[in-house]
Amino acid sequence: MNFDDTPQEAEFRAKARAFLEQHLEPLNPDEVSPNLLGEREDEGAIQKAKDWQATKYDNGWAVLTWPKEYGGQGMGRLENVIFNQEEGKFKTPAAIYGIGHGMLGPTLMTHGTEEQKERYLKEMARGQVVWCQLFSEPAAGSDLAGLRTSAVKDGDEWVLNGQKIWSTGAHFCDLGMIVTRTDPELPKHDGLTYFIVDMNAPGVECRPIKQINGGAGFNEVFFNDVRVPAEYRVGGIGEGWKVAITTLMNERVSIGAGGGAGRTKDLFRLARECRKNGRPAIEDTAVRQRLADAFITSKGLQYTGYRTMSAISRGATPGPEGSIGKAVGAPFSQELAAFAMELQGVMGGVMDSSVAPQDAMWQESYLGSPGIRIAGGTDEILRNVIAERVLGLPGEHRSDKGVPFRDIPSGS
Amino acid sequence: MNLEFSDDQKFVQQTARDYLEEHATLDKCRAVLEGSGTHDPELWKGVAEMGWLGAAVPEEYGGAGLGYLELVLISQEVGRSLAPIPFSSSVYLATEAILQAGSEDQKKDLLGRLSAGELIGTFALAEGLGDFDPGTCQVSFDGSQLNGTKLPVPDAGAAGIAVVVAREGEGTSLALVDLDGAGVTRTPLESFDPSRPLYQVDFEGAPATRLGAAGEGAAVASDVLDRAAVLLGYEQIGGAERTLELTKEQTMSRFAFGRPVASFQALKHRMADVYCKIQIALSNGYYAAWTLSEGSEEVGVASCSTRVAASDAFCLATEEMIQMYGGVGYTWEYDCHLFYRRAKGTAHALGTPDEWREKLVQRLDKTIGG
Ligand SMILES: Cc1cc2nc3c(=O)[nH]c(=O)nc-3n(C[C@H](O)[C@H](O)[C@H](O)COP(=O)(O)OP(=O)(O)OC[C@H]3O[C@@H](n4cnc5c(N)ncnc54)[C@H](O)[C@@H]3O)c2cc1C
């Protein structure tokens, strides 16, 4: 056991830092942590993100954990953590590659053909082509396998019809990965097929959806007789569920160590700045108790993430334990924000960053965190995963097993 | 960075588990809880022979010379088994205090006997209602004698010596007292967890010797409590893990409405929550164990975090256990209350979680975001 860098890790950290210093402006230590939510990217912001990704790639600092043949550096997850820790100390452009690099790339590595890997992975790594995930539909979210977007074979092509929704970044993405239903006569998990889809193909229409925080990071995407070449299929016909599961497993791992972990520093500052009963809030007993809990959960999440990384870097396969990070971290980030707003008293209702403490970061966070609790598996779904796959408790009673998809009851 | 215990350390843990599964079955805990004894002497002897009492004591003083990374894993197993022995009082508190503050002679005289289990130690700090604070003790020490009342003192019935936190002049000192000696009266108290019983100890001119420098007592005691918080935290985590396993077993085999009650989502989700709480405690525990074994100053913060998270996880797990067992969980006959009692007993043993939250913020306020 060792929480410190080994000499090799320290050397790697120093090299990473030297690279970052050449290209980025460091965050002032007094500055509040950057807003984690983003979602308000304009074209300029996307371009900046692409430029930074190209710089990283060209200097050998992109997708560190990917194999070299696919444009990565073949490094372990710990090096990746170290790089992310260092990068987090600088002002960086919007993070738009989480889905592509964390989930879709690894899916293609597992299930793609040699030609697909050859054609897409390096390009994805350099980030000039951005990818989105087209899974959820109006009638299929938690119950993803209930999706209805259809793909019908027509000669050498497939023809897609239907609607996806909540597709993060689809409005600025060039390519997507989509799960479709190719056989509604089969039970629901059996009739699915996975494709790559060109977001600029005729018949694809993308409409941004305005979120509760005013941003429009996600979209509804309509498919109207969209023709997809046969070689865009990932995995076998009817094997879409298996491929989708790979994507979702990678999602849980990549969300892993997140969840407001770095923000207790800002919270302590705020508690010194705000006043309660005529003295700094940090002197109030109730406030102190809650600060303690915030610190403990935040550290617990951080070290839980490190434990997972540590196990993976020693050969363990990422398992369902990775769900803890999101199951605890997502509701925690909302609680933290609510607490910080409480500290601000009546000013908690003010979001004008000219007068709101810490650039109204906590109000932003309180508006953003409900989305984090839903995206990538709701609180309930994650508890099901932990209960069934980690603890081994019985699965849910279900009325859709073995029934042809067509005959499954639905609410719409 | 490497957040895994080594194979050797895991082996120590497995050995401890195997031993305790055979020798510290729950009926042993129940026997002490229902009886009038102070602990299970057979088990104590066995644990001493396994070398656990002196696991972190250097070999030159008669210990096993392992380290804290081994000791925490043994503690986790002791907690898991609900062993009815004065492990925390003697190993985490008395032995640690002597290691920290003892003179060479005191160490030579006592550590070997403590490690061999011939002598049992405890730690006397509390004086009735109020904060568990070494700085405010009223029991007095004049350099040779103790006067006053300590309440409650854990395991004072089994123990032969106590490390007493006492006022000496304007300051606070630690004193070593022979509990079988003159001027000491021990009165057993009805205890929330009778498998780790509590006592009132009255000193009337009891002969005692100083441990460590005069006036340094509060600082040393605070240090000892930090270390004990990590070790006891691992006991609590072990207890919580076992609690969850038993809850799962019970709910899988109990049927209602034609299905195992474990298949009801309300129960599944609550078990998932307990699991998450345990993991958050364990992750804080990893860091604390590491700071302990490195002798890092960070142990001050890490111990508080572990203490709070582990106490809360164990209490939650046992509260949920009784509910998920249903009516049988509320019977004396079933073992749920053994866990429920141990959880709350350990949560109060070193000062309550709320006190440790306060201590945590005091310490963080000096370092964080300043
Ligand atoms: C910010 C954001 C970004 C997103 N990005 C993407 C993206 O890029 N690509 C994409 O494909 N999707 C994306 N999603 C969609 C997301 O995956 C779904 O919203 C999510 O899986 C929930 O599905 P739903 O919205 O249909 O809710 P529903 O599944 O209808 O859930 C409604 C409620 O029912 C509960 N529920 C459902 N099933 C169960 C069950 N078995 N047990 C207990 N409770 C249950 C849920 O927990 C929830 O409380 C995003 C969502 C958000 C909010």
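The values are calculated or read from the model by the stated rules, or taken from the named source; none is laboratory data. These numbers come from a predicted model, not from an experiment. Because the Cβ atoms are built from the backbone with ideal geometry, glycine has one as well, and the counts that use them run over all protein chains shown. To get the accessible areas, we keep the full protein, side chains included, count just its heavy atoms, and leave off ligands, DNA and RNA. Shrake-Rupley method; radii C 1.70, N 1.55, O 1.52, S 1.80 Å.
Residues that are farther than 17 Å from A:ALA16 by Cβ number at least 2 in the following helices (runs of 4 or more DSSP H) confined to segment A:56-141: A:105-111, A:114-126. Determine if segment A:174-185 includes at least one residue that is within 21 Å of A:ILE99 (Cβ to Cβ) and open to solvent by 10 Å² or more (accessible area, probe 1.4 Å). The answer is yes; a qualifying residue exists. Enumerate the helices (runs of 4 or more DSSP H) found wholly within segment B:1-105, keeping only those where 3 or more residues are outside the structural domain of B:SER311 (by TED's automatic domain parsing) and open to solvent by 40 Å² or more (accessible area, probe 1.4 Å). Those helices (runs of 4 or more DSSP H) span B:7-23, B:26-34, B:41-49.
Could you please let me know if B:ALA317 is of a type in the set (A, V, I, L, M) and more than 10 Å from every other protein chain (Cβ to nearest Cβ)? So that I can check it myself, show each step before the final result.
Numbers: of a type in the set (A, V, I, L, M): yes; more than 10 Å from every other protein chain (Cβ to nearest Cβ): yes.
Yes, satisfied.
Checking every residue in segment A:139-156 against the condition of being open to solvent by less than 20 Å² (accessible area, probe 1.4 Å), away from the ligand (no atom under 11 Å from the Cβ) and over 30 Å from A:GLU43 (Cβ atoms) gives at least one match.
Residues of segment A:128-138 being in contact (Cβ under 8 Å) with a residue 40 or more places away in the chain and crowded, with 19+ Cβ neighbours inside 10 Å, which ones? Before you say what the answer is, go through the steps one by one.
Start the filter on segment A:128-138 by keeping residues that are in contact (Cβ under 8 Å) with a residue 40 or more places away in the chain, which leaves A:128-135, A:138.
Across segment A:128-138, the qualifying residues are A:VAL130, A:TRP131, A:CYS132, A:GLN133, A:LEU134, A:PHE135.
Among the numbered conditions (1) within 16 Å of the ligand (Cβ to nearest atom); (2) touching a residue at least 40 places away in the same chain (Cβ under 8 Å), the only one that A:GLY100 does not meet is (2). Filter segment B:254-270 for residues that are part of a helix (DSSP H, G or I) and out of contact with any helix residue (DSSP H, G or I) (no Cβ under 6 Å at 6 or more places or on another chain); which is farthest from A:ILE296 (Cα to Cα)? Among those residues, the one meeting the criterion is B:SER263. Being within 14 Å of another protein chain (Cβ to nearest Cβ), acidic (Asp, Glu) and out of contact with any Gly (no Cβ under 9 Å at 6 or more places or on another chain) is a property that B:ASP8 has.
Taking B:GLY102 and the conditions (1) under 23 Å from B:GLY285 (Cα atoms); (2) touching a helix residue (DSSP H, G or I) at 6+ places or on another chain (Cβ under 8 Å), which numbered condition does it fall short on, given that it satisfies the others? That leaves (1) as the condition not met.
Yes or no: segment A:212-220 includes at least one residue that is more than 13 Å from the ligand (Cβ to nearest atom) and either hydrophobic (A, V, I, L, M, F, W, C) or assigned to a strand (DSSP E or B) (or both). Looking for residues that are more than 13 Å from the ligand (Cβ to nearest atom) and either hydrophobic (A, V, I, L, M, F, W, C) or assigned to a strand (DSSP E or B) (or both), one finds none in segment A:212-220, hence no.
Taking helices (runs of 4 or more DSSP H) that fall entirely within segment A:301-412, which contain at least 1 residues that are away from the ligand (no atom under 15 Å from the Cβ) and either open to solvent by 40 Å² or more (accessible area, probe 1.4 Å) or at the interface with another protein chain (Cβ under 10 Å from one of its Cβ atoms) (or both)?
Details: elements: A:323-343, A:361-374, A:379-385.
In segment A:301-412, the matching helices (runs of 4 or more DSSP H) lie at A:323-343.
Contact map, segment B:240-267: first residue within 11 Å of chain A (Cβ to nearest Cβ), second residue of a type in the set (S, T, N, Q), Cβ cut-off under 8 Å, separation 6 or more or different chains; pairs are B:PRO260/B:THR251; B:PRO260/B:SER253; B:VAL261/B:THR251; B:ALA262/B:THR251; B:GLN265/A:ASN384; B:LEU267/B:THR251. For segment A:163-193, a tally of residues being within 13 Å of the ligand (Cβ to nearest atom) and either of a type outside the set (Val, Ile, Thr) or within 14 Å of another protein chain (Cβ to nearest Cβ) (or both) returns 11.
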